[in-house]
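Every number here is computed from the coordinates shown, using simple stated rules; none is lab data. Since we're looking at a predicted model, the values are computed, not measured. Here the Cβ is made from the backbone with ideal geometry for all residues, glycine too, and neighbour counts use every protein chain on show.
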Amino acid sequence: MVSSFLAAAVQLTSTPDPDANLAAAEEQIELAARRGAALVGLPENFAFMGNDARRLELGPSLAERCSRFLVTMARRYQVTLLGGGFPVPAGEGATYNRAELVSHEGQVLARYDKIHLFDVDLPDGNTYRESATIKPGNDLPPVVDVPGLGRIGLSICYDVRFPELYRHLAGAGADVLMVPAAFTAFTGKDHWQVLLQARAIENTAYVVAPAQTGLNHDRRQTHGHALVIDPWGTVLADAGIAPGSAVAPIDPEHGARVRAQMPSLRHRRPGLF
């Protein structure tokens with residue numbers, strides 16, 4: 001039986017300096033643990049946000065370092081910890097963008113390589129081509145049954161614009177949808193919260209969305225507003241625009257009530273689509 005617990009969506013301003021980034025991440029993990037959080041999520045690119053050439057250069061050492069960091073932090077602070085995205089060498093001048101979920105005992109419960117890549121020309125003049133140096137994963141994101149916390153589904157950032165991915169997670173029984181991100185400031189102001197609320201409402205699931213915020217490097221500015229949202233679409237906690245965390249309770253009984261009151265998942269007619 002899963003009882004209510006606290007989840008923390010961490011918000012960071014990561015930069016090209018991995019040492020400073022990991023120190024900042026540990027500070028927020030410790031603060032969240034002190035507040036009683038049992039599930040802590042770090043945002044996408046928590047260990048490094050910089051140019052592509054430097055990321056590729058750091059890839060091999062940073063991948064190993066991030067994995068060790070997540071295991072150490074989970075054990076030290078006795079939390080289930082999501083590393084929301086870090087570079088892992090993929091060969092041929094590319095990396096994967098990988099999320100890892102680690103238990104409070106330091107066991108890696110799941111890995112997910114981001115499958116949707118952000119290749120977009122924005123009206124503010126910024127161009128993003130993740131596919132130039134990031135290789136997409138080929139496997140659907142996992143749903144993990146975590147003792148005491150329920151079933152947790154993984155995703156990363158741009159995935160939030162693809163509702164079929166979250167319907168897959170809901171179909172696999174996810175009670176909590178993790179959406180770690182480094183959303184741009186330009187798109188975030190209009191799309192971030194509404195997309196997350198839609199994913200929560202249509203799948204009657206909690207959403208925990210760690211985020212990057214502020215000026216990360218050069219012209220790259222991220223939106224912030226790490227969120228925890230309940231299955232009715234209510235924003236339970238919002239981290240604003242400063243580094244910190246959004247912390248709120250995940251209540252399985254409330255989730256079950258919402259699914260009983262709004263049984264849309266049972267009303268689907270997949271044979272018609």
Cα lying deepest toward the dipole's positive end in segment 5-272, options Ala256, Ala170, Val144, charges on Cβ: Ala256
Order of Glu30, Glu100, Glu44 - criterion: other Cβ atoms within 10 Å of each residue's Cβ, fewest first: Glu30, Glu100, Glu44
Positive minus negative residues near Gln11 (Lys, Arg vs Asp, Glu; Cβ under 13 Å): -3
Relative exposure of Tyr128, Tyr206, judged by other C-beta atoms within 10 Å (fewest first): Tyr128, Tyr206
Charge-dipole axis of segment 5-272 as Lys and Arg at +1 and Asp and Glu at -1 on Cβ define it, positive-most pick from Tyr158, Leu196, Pro231: Pro231
Cα centroid separation - segment 144-179 against segment 69-130, whole Å: 15 Å
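Just to confirm a number: summing +1 for Lys and Arg and -1 for Asp and Glu over residues other than Leu236 whose beta-carbon lies under 12 angstrom from that of Leu236, what do you get? Write out the running numbers ahead of the final one.
Working: positive: none; negative: Asp230, Asp238, Asp251.
My count for the surroundings of Leu236 gives -3.
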Unit charges on C-beta of K, R, D, E only; dipole of segment 5-272, Debye: 540 debye
For percent of Cα pairs over 25 Å apart, calculated from these coordinates, the label among [x] 48; [y] 39; [z] 62: [y]
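Using a cut-off of 11 Å between beta-carbons, work out the net charge of the residues near Tyr158 (Lys and Arg +1, Asp and Glu -1, Tyr158 not included).
Numbers: positive: Lys114, Arg161; negative: Glu44, Asp119, Glu130, Asp159.
Once positives and negatives cancel, what remains is -2.
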Label-to-label distance, nm, for residues given as Glu253 and Glu202 (7 Å Cα→Cβ offset): 3.1 nm
Inter-probe distance in nm under a simple model that places probes 7 Å from Cα toward Cβ, at Tyr128 and His191: 0.7 nm
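How do Ser4, Ser155 line up, fewest other C-beta atoms within 10 Å first? Write out the running numbers ahead of the final one.
Values: Ser4 11, Ser155 28.
Ordered from fewest to most neighbouring Cβ atoms within 10 Å, Ser4, Ser155 come out as Ser4, Ser155.
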Rounded, prolate or oblate (a/c below 1.5 giving rounded, otherwise prolate when a/b exceeds b/c) for segment 1-97 by Cα gyration tensor: prolate
DSSP beta bridges in the chain [antiparallel fraction, %, rounded to 5]: 70 percent
Between 0 and 90°, nearest 10: helix 18-34 axis offset from the chain longest Cα axis: 30 degrees
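For His217 and Arg167, what is the calculated FRET efficiency with R₀ set at 35 Å and r taken between the beta-carbons, to the nearest 0.05? Please report the intermediate quantities before stating the final value.
Numbers: r = 35 Å, r/R0 = 0.99.
Result of the calculation: an efficiency of 0.50.
Can you give the helix-only mean residue ellipticity at 222 nm for the chain, where every DSSP H stretch with n ≥ 4 adds -39500 (n - 2.57) and the sum goes over all residues, rounded to the nearest 500 deg cm²/dmol? Can you show the working numbers first?
Working: 5 runs with 81 residues, N = 273.
The helix-only estimate for the chain comes to -10000 deg cm²/dmol at 222 nm.
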